[in-house]
Amino acid sequence: MTLSRHLRGFVGPWAVTAIAAASFGQAASPASEGRDGPNIILIYADDHAQRAIGCYGSPLVSTPNIDRLAAEGVRFTQSFVANSICAPARATVLTGLHSRANGQTTNGGGFDDELPTWPKLLGAAGYETAMIGKWHLPTDPSGFDHWVIARGGYYNPDLVRPGSRERATGYTTEVLWDEALSWLEGRADSEEPFVLWWSHAAVHRTWMPGPSWHGLHAEGAHPEPATLFDDYSGRSPAAAAAQMRIAEDLFRAYDLKLPPTGEGVLDARAAAMLERLTGDQRRAWEEAYAAPNAAFAAERPEGDDLVRWKYQRYVADYLRCVSALDDAVGRLVDWLDEAGLAEDTVVIYTSDQGFFLGEHGWYDKRWIYEPSFATPLIVRWPGRAEAGTTCSELVQNIDLAPTLLALGGVDVPGSMHGVSLRPLIEGVHLFTWRREVYYEYFQRDSGRLSHTVAPHYGLRTQRHKLLHVPDHDFWELYDLHLDPDETTNLYADPAHAALVATLAPRLATLRERYGGPADR
Ligand code: CA
(Lines give C-alpha, C1' and ligand atoms only; values in the text may rest on other atoms or scores of the structure.)
Protein backbone atom coordinates (compact mmCIF):
# COMPACT_ATOMS: atom_id res chain seq x y z
CA MET A 1 0.00 0.00 0.00
CA THR A 2 1.40 3.39 -0.90
CA LEU A 3 1.61 6.05 1.75
CA SER A 4 -1.08 8.17 0.15
CA ARG A 5 -3.49 5.25 -0.23
CA HIS A 6 -2.78 4.29 3.34
CA LEU A 7 -3.52 7.81 4.57
CA ARG A 8 -6.72 8.08 2.59
CA GLY A 9 -8.00 5.18 4.63
CA PHE A 10 -8.06 7.38 7.70
CA VAL A 11 -10.47 10.00 8.84
CA GLY A 12 -9.76 12.30 11.74
CA PRO A 13 -6.61 13.73 13.20
CA TRP A 14 -4.54 10.55 13.29
CA ALA A 15 -4.00 10.76 9.56
CA VAL A 16 -2.69 14.26 10.01
CA THR A 17 -0.15 13.10 12.55
CA ALA A 18 1.07 10.54 10.09
CA ILE A 19 1.31 13.11 7.32
CA ALA A 20 3.11 15.59 9.51
CA ALA A 21 5.63 12.99 10.56
CA ALA A 22 6.14 11.88 6.98
CA SER A 23 6.44 15.38 5.59
CA PHE A 24 8.57 17.04 8.20
CA GLY A 25 10.72 14.33 9.68
CA GLN A 26 9.40 14.65 13.20
CA ALA A 27 10.88 11.30 14.03
CA ALA A 28 14.39 12.81 13.92
CA SER A 29 16.39 12.91 17.14
CA PRO A 30 14.80 15.46 19.45
CA ALA A 31 18.12 16.58 20.89
CA SER A 32 19.75 17.32 17.56
CA GLU A 33 16.65 18.91 16.04
CA GLY A 34 15.87 20.95 19.11
CA ARG A 35 19.12 22.89 19.05
CA ASP A 36 18.41 23.94 15.47
CA GLY A 37 14.74 24.70 15.92
CA PRO A 38 13.21 28.16 15.76
CA ASN A 39 12.57 30.24 18.83
CA ILE A 40 8.91 30.19 19.81
CA ILE A 41 6.90 32.88 21.57
CA LEU A 42 3.37 31.93 22.57
CA ILE A 43 1.51 35.15 23.32
CA TYR A 44 -1.45 34.08 25.42
CA ALA A 45 -4.21 36.58 26.11
CA ASP A 46 -7.03 36.04 28.56
CA ASP A 47 -10.65 36.29 27.38
CA HIS A 48 -9.71 38.03 24.12
CA ALA A 49 -12.61 37.55 21.72
CA GLN A 50 -12.01 37.37 17.99
CA ARG A 51 -14.59 40.14 17.67
CA ALA A 52 -12.14 42.47 19.45
CA ILE A 53 -9.30 41.95 16.97
CA GLY A 54 -9.04 44.02 13.83
CA CYS A 55 -7.91 41.26 11.48
CA TYR A 56 -10.87 39.13 12.53
CA GLY A 57 -13.15 41.88 11.22
CA SER A 58 -13.83 43.62 14.51
CA PRO A 59 -16.44 46.37 14.32
CA LEU A 60 -15.20 47.61 17.70
CA VAL A 61 -11.46 48.18 17.66
CA SER A 62 -8.31 48.27 15.59
CA THR A 63 -5.37 46.20 16.80
CA PRO A 64 -2.53 47.14 14.47
CA ASN A 65 0.15 45.10 16.17
CA ILE A 66 -1.79 41.84 16.40
CA ASP A 67 -2.95 42.52 12.85
CA ARG A 68 0.67 42.86 11.79
CA LEU A 69 1.30 39.29 12.92
CA ALA A 70 -1.60 38.16 10.73
CA ALA A 71 -0.41 40.24 7.79
CA GLU A 72 2.99 38.58 8.07
CA GLY A 73 1.71 35.10 8.87
CA VAL A 74 -1.31 32.82 8.84
CA ARG A 75 -4.60 33.47 10.62
CA PHE A 76 -6.81 30.55 11.62
CA THR A 77 -10.45 31.44 11.03
CA GLN A 78 -11.98 28.33 12.67
CA SER A 79 -10.07 28.17 15.96
CA PHE A 80 -11.77 26.87 19.09
CA VAL A 81 -11.18 25.79 22.68
CA ALA A 82 -12.00 22.54 24.45
CA ASN A 83 -13.50 24.05 27.62
CA SER A 84 -14.05 27.80 27.73
CA ILE A 85 -12.69 28.76 31.13
CA CYS A 86 -9.32 29.91 32.43
CA ALA A 87 -7.54 27.12 34.33
CA PRO A 88 -8.78 24.25 32.15
CA ALA A 89 -7.62 26.12 29.06
CA ARG A 90 -4.09 26.41 30.46
CA ALA A 91 -4.01 22.73 31.38
CA THR A 92 -5.08 21.86 27.84
CA VAL A 93 -2.41 24.11 26.33
CA LEU A 94 0.29 22.39 28.39
CA THR A 95 -0.83 18.81 27.81
CA GLY A 96 -2.59 18.74 24.45
CA LEU A 97 -5.45 16.96 26.20
CA HIS A 98 -9.13 17.58 26.74
CA SER A 99 -10.03 18.49 30.31
CA ARG A 100 -11.18 15.08 31.51
CA ALA A 101 -7.83 13.53 30.60
CA ASN A 102 -5.62 16.21 32.20
CA GLY A 103 -7.72 16.47 35.36
CA GLN A 104 -8.35 20.22 35.25
CA THR A 105 -12.02 20.15 34.37
CA THR A 106 -12.88 23.35 36.29
CA ASN A 107 -11.09 26.34 37.79
CA GLY A 108 -10.98 24.37 41.05
CA GLY A 109 -8.13 21.95 40.62
CA GLY A 110 -7.16 18.43 39.70
CA PHE A 111 -4.38 19.12 37.21
CA ASP A 112 -2.17 16.07 36.66
CA ASP A 113 1.31 17.59 36.74
CA GLU A 114 2.92 14.23 35.90
CA LEU A 115 1.66 14.33 32.33
CA PRO A 116 3.98 15.04 29.40
CA THR A 117 3.92 18.75 28.53
CA TRP A 118 5.64 20.83 25.89
CA PRO A 119 7.93 22.68 28.35
CA LYS A 120 9.21 19.37 29.69
CA LEU A 121 9.71 17.83 26.25
CA LEU A 122 11.15 20.90 24.55
CA GLY A 123 13.41 21.46 27.55
CA ALA A 124 14.70 17.90 27.24
CA ALA A 125 15.35 18.53 23.56
CA GLY A 126 17.62 21.51 24.23
CA TYR A 127 15.19 24.42 24.39
CA GLU A 128 15.43 27.10 27.05
CA THR A 129 11.91 27.38 28.45
CA ALA A 130 10.14 30.28 30.19
CA MET A 131 6.66 31.17 31.46
CA ILE A 132 5.90 34.78 32.33
CA GLY A 133 2.49 35.97 33.49
CA LYS A 134 -0.84 34.44 34.46
CA TRP A 135 -0.61 30.78 35.46
CA HIS A 136 -3.84 29.86 37.31
CA LEU A 137 -3.07 26.16 37.83
CA PRO A 138 -2.94 24.61 41.30
CA THR A 139 0.62 23.37 40.90
CA ASP A 140 3.76 25.46 40.43
CA PRO A 141 5.02 25.59 36.84
CA SER A 142 7.13 22.56 36.00
CA GLY A 143 9.44 22.08 33.05
CA PHE A 144 10.29 25.78 32.82
CA ASP A 145 13.87 27.01 33.27
CA HIS A 146 12.48 30.40 34.21
CA TRP A 147 9.07 31.33 35.50
CA VAL A 148 7.36 34.26 37.10
CA ILE A 149 3.65 34.27 37.91
CA ALA A 150 1.71 37.54 38.02
CA ARG A 151 -1.14 37.73 40.54
CA GLY A 152 -3.41 40.55 41.61
CA GLY A 153 -5.06 41.88 38.48
CA TYR A 154 -4.39 44.91 36.34
CA TYR A 155 -2.31 47.10 38.65
CA ASN A 156 0.88 46.53 40.61
CA PRO A 157 0.84 42.74 40.40
CA ASP A 158 2.52 40.43 42.86
CA LEU A 159 5.30 38.66 40.98
CA VAL A 160 5.74 35.15 42.30
CA ARG A 161 9.04 33.44 41.48
CA PRO A 162 10.50 30.22 42.85
CA GLY A 163 10.87 31.02 46.55
CA SER A 164 9.85 34.67 46.46
CA ARG A 165 6.89 37.00 46.08
CA GLU A 166 7.26 40.71 45.46
CA ARG A 167 4.82 43.45 44.46
CA ALA A 168 5.73 45.29 41.28
CA THR A 169 4.71 48.85 40.51
CA GLY A 170 3.00 49.49 37.20
CA TYR A 171 0.21 48.43 34.90
CA THR A 172 0.32 44.65 34.70
CA THR A 173 0.32 44.46 30.91
CA GLU A 174 3.40 46.71 30.88
CA VAL A 175 5.01 44.95 33.84
CA LEU A 176 4.75 41.68 31.91
CA TRP A 177 6.50 43.29 28.97
CA ASP A 178 9.27 44.46 31.30
CA GLU A 179 9.60 40.92 32.64
CA ALA A 180 9.69 39.42 29.14
CA LEU A 181 12.23 41.97 27.94
CA SER A 182 14.43 41.38 30.94
CA TRP A 183 14.45 37.65 30.34
CA LEU A 184 14.95 37.93 26.59
CA GLU A 185 17.86 40.33 26.96
CA GLY A 186 19.36 38.30 29.79
CA ARG A 187 19.63 35.23 27.61
CA ALA A 188 20.86 37.08 24.51
CA ASP A 189 24.19 35.23 24.46
CA SER A 190 22.62 31.81 24.78
CA GLU A 191 23.03 29.46 21.83
CA GLU A 192 19.96 27.44 22.70
CA PRO A 193 16.65 28.22 21.05
CA PHE A 194 13.99 29.40 23.45
CA VAL A 195 10.30 28.97 23.97
CA LEU A 196 8.49 31.69 25.93
CA TRP A 197 4.90 31.43 27.12
CA TRP A 198 3.96 35.08 27.55
CA SER A 199 0.69 34.76 29.42
CA HIS A 200 -1.25 37.97 29.97
CA ALA A 201 -3.82 38.67 32.64
CA ALA A 202 -5.56 41.04 30.21
CA VAL A 203 -8.32 41.21 29.14
CA HIS A 204 -10.00 39.38 32.03
CA ARG A 205 -12.71 40.88 34.23
CA THR A 206 -12.75 43.55 35.73
CA TRP A 207 -11.33 45.29 32.65
CA MET A 208 -9.33 48.02 34.39
CA PRO A 209 -7.73 50.37 31.86
CA GLY A 210 -4.16 51.50 32.38
CA PRO A 211 -3.20 55.16 32.84
CA SER A 212 -2.07 55.50 29.22
CA TRP A 213 -5.28 54.07 27.77
CA HIS A 214 -8.02 55.83 29.76
CA GLY A 215 -8.73 58.28 26.96
CA LEU A 216 -9.39 55.71 24.24
CA HIS A 217 -12.68 54.18 23.07
CA ALA A 218 -15.30 56.74 23.97
CA GLU A 219 -18.46 55.27 25.46
CA GLY A 220 -21.49 55.45 23.22
CA ALA A 221 -19.57 54.76 20.03
CA HIS A 222 -19.67 50.98 20.01
CA PRO A 223 -22.14 49.15 17.77
CA GLU A 224 -24.41 46.75 19.61
CA PRO A 225 -24.58 43.09 18.65
CA ALA A 226 -27.86 41.93 17.14
CA THR A 227 -28.57 39.71 20.16
CA LEU A 228 -27.97 42.25 22.95
CA PHE A 229 -31.64 41.88 23.95
CA ASP A 230 -31.88 38.13 23.33
CA ASP A 231 -34.92 36.46 24.90
CA TYR A 232 -33.31 32.96 24.83
CA SER A 233 -36.35 31.44 23.16
CA GLY A 234 -35.68 27.99 21.75
CA ARG A 235 -32.57 27.57 23.87
CA SER A 236 -32.26 25.32 26.93
CA PRO A 237 -33.46 26.76 30.25
CA ALA A 238 -29.76 26.95 31.12
CA ALA A 239 -29.29 29.93 28.79
CA ALA A 240 -31.91 32.05 30.51
CA ALA A 241 -30.63 30.95 33.92
CA ALA A 242 -27.01 31.94 33.32
CA GLN A 243 -25.96 34.87 35.51
CA MET A 244 -23.81 36.71 33.05
CA ARG A 245 -26.20 39.29 31.71
CA ILE A 246 -25.06 42.80 31.02
CA ALA A 247 -28.52 43.92 32.16
CA GLU A 248 -28.38 42.33 35.60
CA ASP A 249 -25.03 40.80 36.41
CA LEU A 250 -22.50 43.57 35.94
CA PHE A 251 -21.94 45.11 39.34
CA ARG A 252 -21.86 48.84 39.84
CA ALA A 253 -18.53 49.48 41.47
CA TYR A 254 -16.77 46.22 40.69
CA ASP A 255 -17.50 46.02 36.96
CA LEU A 256 -18.94 49.36 35.92
CA LYS A 257 -16.68 51.68 37.93
CA LEU A 258 -19.60 53.61 39.37
CA PRO A 259 -19.71 54.80 42.99
CA PRO A 260 -20.66 51.92 45.30
CA THR A 261 -24.32 51.74 46.35
CA GLY A 262 -24.63 48.85 48.71
CA GLU A 263 -23.64 45.71 46.84
CA GLY A 264 -21.92 44.42 49.97
CA VAL A 265 -19.08 42.05 49.26
CA LEU A 266 -18.83 43.35 45.71
CA ASP A 267 -18.29 46.88 46.93
CA ALA A 268 -15.58 45.52 49.20
CA ARG A 269 -13.98 43.76 46.25
CA ALA A 270 -14.10 46.93 44.20
CA ALA A 271 -12.50 48.87 47.04
CA ALA A 272 -9.74 46.27 47.38
CA MET A 273 -9.17 46.44 43.64
CA LEU A 274 -8.58 50.18 43.82
CA GLU A 275 -6.51 50.02 47.00
CA ARG A 276 -3.73 48.44 44.95
CA LEU A 277 -3.31 51.63 42.94
CA THR A 278 -0.60 54.16 43.77
CA GLY A 279 -1.60 57.76 44.39
CA ASP A 280 -0.81 58.79 40.81
CA GLN A 281 -2.61 55.80 39.37
CA ARG A 282 -5.62 56.50 41.56
CA ARG A 283 -5.76 60.18 40.57
CA ALA A 284 -5.66 59.28 36.85
CA TRP A 285 -8.38 56.71 37.50
CA GLU A 286 -10.67 59.11 39.34
CA GLU A 287 -10.14 61.78 36.72
CA ALA A 288 -10.95 59.40 33.86
CA TYR A 289 -14.30 58.31 35.29
CA ALA A 290 -15.39 61.61 36.86
CA ALA A 291 -17.09 63.18 33.84
CA PRO A 292 -18.80 60.09 32.37
CA ASN A 293 -19.98 59.03 35.85
CA ALA A 294 -21.37 62.51 36.44
CA ALA A 295 -23.20 62.32 33.11
CA PHE A 296 -24.62 58.93 34.10
CA ALA A 297 -25.83 60.34 37.41
CA ALA A 298 -27.49 63.25 35.63
CA GLU A 299 -29.15 61.18 32.90
CA ARG A 300 -30.20 58.28 35.14
CA PRO A 301 -30.94 55.91 32.25
CA GLU A 302 -33.49 53.16 32.90
CA GLY A 303 -34.75 50.01 31.22
CA ASP A 304 -33.19 49.25 27.84
CA ASP A 305 -31.34 52.57 27.96
CA LEU A 306 -29.60 51.43 31.14
CA VAL A 307 -28.62 48.13 29.48
CA ARG A 308 -27.21 50.10 26.57
CA TRP A 309 -25.26 52.34 28.92
CA LYS A 310 -23.83 49.31 30.74
CA TYR A 311 -22.87 47.73 27.42
CA GLN A 312 -21.04 50.88 26.35
CA ARG A 313 -19.15 51.21 29.65
CA TYR A 314 -18.26 47.51 29.70
CA VAL A 315 -17.07 47.38 26.11
CA ALA A 316 -15.14 50.64 26.36
CA ASP A 317 -13.17 49.38 29.36
CA TYR A 318 -12.62 45.99 27.74
CA LEU A 319 -11.28 47.62 24.57
CA ARG A 320 -9.00 49.93 26.56
CA CYS A 321 -7.42 46.79 27.99
CA VAL A 322 -7.23 45.28 24.50
CA SER A 323 -5.41 48.33 23.19
CA ALA A 324 -2.84 48.12 25.99
CA LEU A 325 -2.29 44.47 25.15
CA ASP A 326 -1.94 45.27 21.47
CA ASP A 327 0.66 47.91 22.31
CA ALA A 328 2.60 45.33 24.34
CA VAL A 329 2.53 42.97 21.36
CA GLY A 330 3.94 45.81 19.27
CA ARG A 331 6.81 46.28 21.70
CA LEU A 332 7.66 42.60 21.49
CA VAL A 333 7.51 42.48 17.70
CA ASP A 334 9.61 45.63 17.40
CA TRP A 335 12.14 44.19 19.82
CA LEU A 336 12.44 41.00 17.76
CA ASP A 337 13.23 43.20 14.75
CA GLU A 338 15.82 45.23 16.65
CA ALA A 339 17.44 42.12 18.12
CA GLY A 340 17.65 40.48 14.71
CA LEU A 341 15.53 37.57 15.92
CA ALA A 342 12.36 38.05 13.88
CA GLU A 343 13.38 35.62 11.14
CA ASP A 344 14.27 32.87 13.59
CA THR A 345 11.25 33.19 15.86
CA VAL A 346 7.76 31.78 15.51
CA VAL A 347 5.27 34.15 17.12
CA ILE A 348 1.86 32.75 18.02
CA TYR A 349 -1.01 34.93 19.20
CA THR A 350 -3.98 33.26 20.86
CA SER A 351 -6.23 33.53 23.91
CA ASP A 352 -7.36 31.07 26.57
CA GLN A 353 -10.84 31.50 25.09
CA GLY A 354 -13.16 34.01 23.52
CA PHE A 355 -15.66 36.20 25.34
CA PHE A 356 -19.17 37.53 25.02
CA LEU A 357 -19.21 41.21 24.14
CA GLY A 358 -22.94 41.66 24.48
CA GLU A 359 -23.95 38.73 22.26
CA HIS A 360 -27.02 37.04 23.81
CA GLY A 361 -27.02 39.91 26.30
CA TRP A 362 -23.96 38.45 28.00
CA TYR A 363 -20.44 39.10 29.15
CA ASP A 364 -18.09 36.25 30.25
CA LYS A 365 -17.50 32.91 28.50
CA ARG A 366 -18.11 29.20 29.41
CA TRP A 367 -20.56 28.43 26.60
CA ILE A 368 -20.06 26.43 23.43
CA TYR A 369 -21.73 29.32 21.59
CA GLU A 370 -19.40 30.92 19.08
CA PRO A 371 -18.24 34.11 20.85
CA SER A 372 -16.70 32.16 23.76
CA PHE A 373 -15.97 28.86 22.00
CA ALA A 374 -13.91 30.54 19.27
CA THR A 375 -10.52 31.97 20.11
CA PRO A 376 -7.99 33.88 18.02
CA LEU A 377 -5.04 31.99 16.55
CA ILE A 378 -2.39 33.73 14.47
CA VAL A 379 1.05 32.34 13.64
CA ARG A 380 3.92 34.31 12.16
CA TRP A 381 6.87 32.24 10.96
CA PRO A 382 8.94 34.22 8.46
CA GLY A 383 9.94 32.19 5.45
CA ARG A 384 7.71 29.27 6.40
CA ALA A 385 4.18 30.63 6.88
CA GLU A 386 3.04 32.57 3.84
CA ALA A 387 2.34 36.17 4.75
CA GLY A 388 -1.26 37.33 4.87
CA THR A 389 -2.88 33.91 4.49
CA THR A 390 -5.77 32.28 6.32
CA CYS A 391 -6.57 28.69 7.19
CA SER A 392 -10.17 27.58 7.66
CA GLU A 393 -9.59 24.06 8.98
CA LEU A 394 -11.13 23.24 12.37
CA VAL A 395 -8.39 23.67 14.97
CA GLN A 396 -8.53 23.68 18.75
CA ASN A 397 -6.36 24.51 21.75
CA ILE A 398 -5.61 20.79 22.16
CA ASP A 399 -3.41 21.31 19.08
CA LEU A 400 -1.08 23.90 20.63
CA ALA A 401 1.14 21.45 22.55
CA PRO A 402 1.63 19.16 19.53
CA THR A 403 2.31 22.22 17.38
CA LEU A 404 4.99 23.61 19.71
CA LEU A 405 6.64 20.18 19.86
CA ALA A 406 6.57 19.81 16.08
CA LEU A 407 8.03 23.30 15.63
CA GLY A 408 10.89 22.19 17.88
CA GLY A 409 11.35 18.94 15.98
CA VAL A 410 10.18 16.83 18.91
CA ASP A 411 8.00 13.73 18.59
CA VAL A 412 4.40 14.34 19.63
CA PRO A 413 3.36 11.76 22.25
CA GLY A 414 0.64 9.53 20.89
CA SER A 415 -1.32 10.13 24.09
CA MET A 416 -2.02 13.76 23.20
CA HIS A 417 -5.48 14.43 21.79
CA GLY A 418 -4.39 17.32 19.58
CA VAL A 419 -2.34 17.23 16.41
CA SER A 420 0.39 19.49 15.11
CA LEU A 421 -0.73 22.47 13.06
CA ARG A 422 2.73 22.78 11.58
CA PRO A 423 1.74 21.57 8.12
CA LEU A 424 -1.19 24.00 8.06
CA ILE A 425 1.10 26.81 9.21
CA GLU A 426 3.46 25.99 6.35
CA GLY A 427 0.59 26.03 3.86
CA VAL A 428 0.59 22.29 3.19
CA HIS A 429 -2.84 21.33 1.92
CA LEU A 430 -3.95 18.17 3.67
CA PHE A 431 -6.56 16.08 1.95
CA THR A 432 -7.97 14.98 5.23
CA TRP A 433 -8.41 16.84 8.47
CA ARG A 434 -10.73 16.43 11.43
CA ARG A 435 -14.38 16.95 10.53
CA GLU A 436 -15.47 18.17 13.94
CA VAL A 437 -14.22 19.49 17.27
CA TYR A 438 -15.47 18.37 20.67
CA TYR A 439 -16.33 20.69 23.55
CA GLU A 440 -17.24 20.10 27.17
CA TYR A 441 -17.86 22.53 30.03
CA PHE A 442 -17.85 20.97 33.50
CA GLN A 443 -17.95 23.71 36.12
CA ARG A 444 -20.99 23.71 38.37
CA ASP A 445 -21.41 26.73 40.61
CA SER A 446 -24.20 28.69 42.20
CA GLY A 447 -24.84 31.90 44.11
CA ARG A 448 -24.97 35.59 43.27
CA LEU A 449 -21.25 35.82 42.55
CA SER A 450 -21.26 32.84 40.18
CA HIS A 451 -22.31 32.61 36.58
CA THR A 452 -24.26 29.36 37.11
CA VAL A 453 -23.74 28.08 33.59
CA ALA A 454 -24.92 24.47 33.42
CA PRO A 455 -22.42 21.81 32.32
CA HIS A 456 -22.85 20.95 28.66
CA TYR A 457 -21.04 19.36 25.77
CA GLY A 458 -21.22 19.38 22.03
CA LEU A 459 -19.69 19.04 18.63
CA ARG A 460 -19.03 21.60 15.91
CA THR A 461 -18.46 20.83 12.28
CA GLN A 462 -17.63 23.40 9.61
CA ARG A 463 -21.32 24.19 9.35
CA HIS A 464 -23.30 22.80 12.27
CA LYS A 465 -23.24 22.64 16.03
CA LEU A 466 -24.99 20.04 18.16
CA LEU A 467 -25.00 20.46 21.92
CA HIS A 468 -26.59 18.83 24.92
CA VAL A 469 -27.34 20.23 28.38
CA PRO A 470 -27.73 17.12 30.59
CA ASP A 471 -29.32 18.99 33.53
CA HIS A 472 -32.33 19.70 31.35
CA ASP A 473 -31.81 16.85 28.88
CA PHE A 474 -32.07 19.60 26.27
CA TRP A 475 -30.52 19.49 22.80
CA GLU A 476 -29.70 22.35 20.45
CA LEU A 477 -28.71 22.31 16.79
CA TYR A 478 -27.54 25.32 14.78
CA ASP A 479 -26.78 25.93 11.13
CA LEU A 480 -23.87 28.34 11.47
CA HIS A 481 -23.93 29.35 7.82
CA LEU A 482 -27.56 30.48 7.92
CA ASP A 483 -27.69 31.44 11.59
CA PRO A 484 -24.29 32.67 12.78
CA ASP A 485 -25.87 34.29 15.86
CA GLU A 486 -27.20 30.90 17.01
CA THR A 487 -30.74 31.98 17.80
CA THR A 488 -32.72 29.36 15.84
CA ASN A 489 -32.57 25.93 17.44
CA LEU A 490 -33.21 23.37 14.70
CA TYR A 491 -33.02 20.28 16.87
CA ALA A 492 -36.76 19.57 16.87
CA ASP A 493 -37.23 20.57 13.23
CA PRO A 494 -38.26 17.42 11.31
CA ALA A 495 -36.35 18.71 8.29
CA HIS A 496 -33.15 18.31 10.31
CA ALA A 497 -33.89 14.91 11.82
CA ALA A 498 -31.56 13.16 9.40
CA LEU A 499 -28.75 15.57 10.25
CA VAL A 500 -29.28 14.97 13.96
CA ALA A 501 -29.21 11.24 13.31
CA THR A 502 -25.81 11.72 11.65
CA LEU A 503 -24.27 14.06 14.19
CA ALA A 504 -25.51 12.51 17.44
CA PRO A 505 -23.54 9.26 17.11
CA ARG A 506 -20.43 11.23 16.17
CA LEU A 507 -20.86 13.33 19.29
CA ALA A 508 -21.41 10.20 21.40
CA THR A 509 -18.18 8.73 20.04
CA LEU A 510 -16.23 11.89 20.82
CA ARG A 511 -17.67 12.10 24.30
CA GLU A 512 -16.75 8.51 25.00
CA ARG A 513 -13.20 9.22 23.84
CA TYR A 514 -12.62 12.63 25.43
CA GLY A 515 -15.39 13.61 27.78
CA GLY A 516 -17.58 12.87 30.72
CA PRO A 517 -19.64 9.79 31.47
CA ALA A 518 -22.27 8.72 28.98
CA ASP A 519 -25.70 10.15 29.52
CA ARG A 520 -27.88 8.22 31.86
CA1 CA B 1 -9.94 33.36 30.46
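Here the extension length gained between residue 291 and residue 493 equals 67.6 nm, from 0.36 nm per residue of separation less the Cα-Cα distance.
Taking amide H as placed 1.01 Å from N in the peptide plane, residue 417 has its amide H under 5 Å from the amide H of 97, 98, each at least 5 places away in sequence or on another chain.
In summary, the convex hull built on the alpha carbon positions of region 98-222 has an orientation-averaged projected area of 10.2 nm². In terms of its C-alpha gyration tensor, the chain has an oblate overall shape, because the principal axis ratio a/c (a ≥ b ≥ c, square roots of the eigenvalues) is not below 1.5 and a/b does not outweigh b/c. Here region 433-501 and region 121-152 have alpha carbon centers that stand 34 Å from each other. Counting protein heavy atoms only, the chain has 50 percent of its accessible area on carbon and sulfur, 1.4 angstrom probe.
A 1.4 Å probe run over the protein chains yields, for the chain, 37 Å² of accessible area per residue, whole-number rounding. Taking every full run of DSSP H in the chain, the ones that stretch at least 18 Å from end to end by Cα along their long axis and average -0.5 or higher on the Kyte-Doolittle scale are 172-186, 303-338, 497-514. Just so you know, the averaged projected area of the alpha carbon convex hull for region 440-515 sits at 5.9 nm².
Most simply put, the chain has about 55% antiparallel DSSP beta bridges, counting only bridges with both residues inside it.
The values are calculated or read from the model by the stated rules, or taken from the named source; none is laboratory data. Quantities reported herein were computed from a predicted structural model and do not represent experimental measurements. Note: accessible area is taken over every heavy atom of the protein model, side chains too, but ligands, DNA and RNA are not part of it. Shrake-Rupley method; radii C 1.70, N 1.55, O 1.52, S 1.80 Å.
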